[in-house]
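In what follows, a single structure is set out as structure tokens and then discussed.
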Amino acid sequence: MSSKHVAVVGATGAVGIEMIKTLEKRKFPVGKLTLLASARSVGKKLKFRGEEVTVQELTKKSFAGIDIALFSAGGGISKEFAPIAAQAGCVVIDNSSAFRMDDKVPLVIPEINGADVKWHKGIIANPNCTTAVALMALYPLHQAFFVKRIFASSYQAVSGTGAKAIEELKRQIEQIVNGLKVTKEVYPHQIAFNVLPHVDSFLPSGYTKEEMKMENEGRKIMHHPTFRASVTCVRVPVYRAHSVAVSAEFEKPATVEAAREVLKKAPGLQVLDDPAKNEYPQPLFWAEQDDCAVGRIRRDCALDNGLAFWVSGDQLLKGAALNAVQIGEELLR
Ligand SMILES: NC(=O)c1ccc[n+]([C@@H]2O[C@H](COP(=O)([O-])OP(=O)(O)OC[C@H]3O[C@@H](n4cnc5c(N)ncnc54)[C@H](OP(=O)(O)O)[C@@H]3O)[C@@H](O)[C@H]2O)c1
């Protein structure tokens, strides 16, 4: 396979760093790597395959000669620069929410709708991280039993908010341990030793934008226009890996045994479900893992044809960097 000139936009961020590591780990055919970030990071050096690559400032001229650009510098940067990059002949794989619901942009989880990359017109969107982790377990069950609706609560790690939020949790823990006043910069309330039922901004309906992504993006990725999802997104003082508790109602009867068989065969997913041995997925142990994990699989006692389950997955990987690189691999297939 011919090697590609790849750019990472937002290379110094929580996702960008993981993108660089993932390109290396998966032996993506990178001929040249260009690292782009804001003017603040110019001259900073990041390692790729044992060599230092210098970070450059993102400008409108950054994309000449680049084949694939992985964007993770926020929605505003994607809206401004992704069309410029696509115009320059480069394929953009975008981690922000800027283009996810655009009819002209495929929204892809390779294990679910990898074939959708084929109809891209220069930009391909990576899904919301909580949606990606939940769908890794929900989609195989949907294929077997046809999901009608879900009720879910998320337990989202601070790294989902980016590098500054990781620092905020560390700093607040130190402040509390040392008896100092807790300071807040990223979240509206203290996150250390607390949980916030608030991820993203509130909509007039009372849901947050993050909560509605599960239904909207889930419909597009699963090609399931009537899928419904009522979700409460919660930020928890976990550094890395999101978890989602899901109650799903299916069209067809779904037994726990049949669900387990389906999930055992699902790509990118491991079943860890032995309550007698206290075995279930925990974010602490699924951080830095490519696969997501599902457990606590049981009949939902409040739904007809319902199953309840719990999924954990590294949102910086399956919810962002890994999924983006997998989309790149799908493109080159
Ligand atoms: N964190 C996650 O789990 C996750 C999951 C899925 C999707 N995403 C999405 O990925 C994107 C990045 O998230 P993150 O968590 O990595 O955030 P982050 O840690 O705050 O990193 C942001 C990155 O964007 C760069 N940037 C900011 N302003 C810029 C500008 N004006 N020009 C060029 N580069 C600029 C930053 O560069 P400097 O260092 O120079 O400021 C940094 O590299 C967001 O759109 C987010 O929604 C994040």
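The values are calculated or read from the model by the stated rules, or taken from the named source; none is laboratory data. Because the structure is predicted, anything quoted here is derived from the model rather than measured. Neighbour counts run over all protein chains shown; Cβ positions are idealised from the backbone, glycine included. We work out accessible area using only protein heavy atoms, side chains counted, and drop any ligands, DNA or RNA first. Shrake-Rupley method; radii C 1.70, N 1.55, O 1.52, S 1.80 Å.
Quick grid of which residues meet (1) in contact with a Phe, Trp or Tyr (Cβ under 8 Å, 6 or more places away or on another chain); (2) under 28 Å from residue 217 (Cβ atoms); (3) open to solvent by 60 Å² or more (accessible area, probe 1.4 Å):
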position	(1), (2), (3)
138	no, yes, no
151	no, yes, yes
169	yes, yes, no
174	no, no, yes
178	no, no, yes
184	no, no, yes
188	no, yes, yes
193	no, no, yes
*Output the residues belonging to region 86-105 that are touching a residue at least 60 places away in the same chain (Cβ under 8 Å) and either of a type in the set (Phe, Trp, Tyr) or under 15 Å from residue 59 (Cα atoms) (or both).*
90
_When residues of region 91-135 are limited to those that are within 14 Å of the ligand (Cβ to nearest atom), of a type outside the set (Val, Ile, Thr) and part of a helix (DSSP H, G or I), the one farthest from residue 264 (Cα to Cα)_ = 129
_For region 1-51, give me the residue count where each residue is in a loop (DSSP other than H, G, I, E, B), in contact with a Pro (Cβ under 8 Å, 6 or more places away or on another chain) and at pLDDT 95 or above._
1
_For region 53-90, which positions are within 8 Å of the ligand (Cβ to nearest atom) and assigned to a loop (DSSP other than H, G, I, E, B)?_
58, 72, 73, 74
_Quick test of your reading of the structure: residue 157 fulfils all but one of (1) open to solvent by 60 Å² or more (accessible area, probe 1.4 Å); (2) in contact with a helix residue (DSSP H, G or I) (Cβ under 8 Å, 6 or more places away or on another chain). Name the failing condition by number._
(1)
_Subset of region 103-136 (residues that are crowded, with 19+ Cβ neighbours inside 10 Å, under 15 Å from residue 78 (Cα atoms) and of a type in the set (Gly, Ala, Ser))_ = 125
